[in-house]
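**Student:** One structure, pasted below without further comment.
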Amino acid sequence: GREINKVLIVDDEEVSRYLLKSVLKETKYIILEAENGKVGLELAIKEKPDVIFLDLMMPIMNGFETLQELKERIETKDIPVIILSSKVLTQEERNLLNSATKAIIPKQCTSKETILNKLREVIKLK
């Protein structure tokens, strides 16, 4: 397939996107950004990224809604999703996310290693 992977970051906080981008810089991936779930969904359909980093707490369309839409559409249902969020999850939310995503990384522990390891793992499994 393509040598260059595309990563989509869906997060309404510019700082979070910036931090993630600085971590991903060394991977040579093409980085796409969306500031809310609606834009994220549109980009995912159009660009078919290899991985989506998804925040949960966003205006307009939150991460749960975005995830549901992604999973319901034929064009995007197989794109692996990594949740990157500072939200404290209930067991129910965690179960829902575990079944629909590849990983949940709390924003509090986003070391570069954690992010890159997860990403490599997910891209390899694709």
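Coordinate-derived values only; no laboratory data. On a predicted model such as this, the values are computed, not experimentally measured, just so you know. All Cβ positions, glycine included, derive from the backbone under ideal geometry; neighbour counts span all protein chains shown.
**Student:** Hydropathy at least -1.0 by Kyte-Doolittle, axial extent at least 27 angstrom from the Cα trace: which helices of the chain, defined as entire DSSP H runs, fit?
**Tutor:** TM-like helix candidates: nothing returned.
**Student:** Under a 5 Å amide H to amide H cut-off, with H placed in plane at 1.01 Å, what residues pair with Ile105 once short-range neighbours are removed?
**Tutor:** Under 5 Å from the amide H of Ile105 lie the amide H atoms of Ile83, Leu84, Ser85, each far enough along the sequence or on another chain.
**Student:** Moving on to the next point. For Ser99 and Arg73, calculate 0.36 nm times their separation in residues minus their Cα-Cα distance, and state this gained length in nm to one decimal.
**Tutor:** Net length gain for the segment: 7.7 nm.
**Student:** When the expected Rg is taken as 2.2 N^0.38 Å, what fraction or multiple of it is the alpha-carbon Rg of the chain?
**Tutor:** 0.95
**Student:** Determine the sum of side-chain charges near Ile104: Lys and Arg each +1, Asp and Glu each -1, restricted to other residues whose C-beta is under 13 angstrom from that of Ile104.
**Tutor:** It works out to a net charge of +3.
**Student:** Say R0 is 25 Å: what FRET efficiency, to the nearest 0.05, do Thr27 and Ser86 get from their beta-carbon distance?
**Tutor:** 0.60
**Student:** When we measure straight from the Cα of Lys46, which lysines land under 20 angstrom away, once same-chain ones fewer than 8 places off are left out?
**Tutor:** Leaving aside lysines fewer than 8 places away in the same chain, those within reach of Lys46 are Lys6, Lys38, Lys71, Lys77, Lys126.
**Student:** In addition: Where both residues lie in the chain, what percent of DSSP beta bridges are antiparallel, nearest 5? Can you show the working numbers first?
**Tutor:** Numbers: 0 of 16 bridges.
In the chain, approximately 0 percent of DSSP beta bridges are antiparallel ones.
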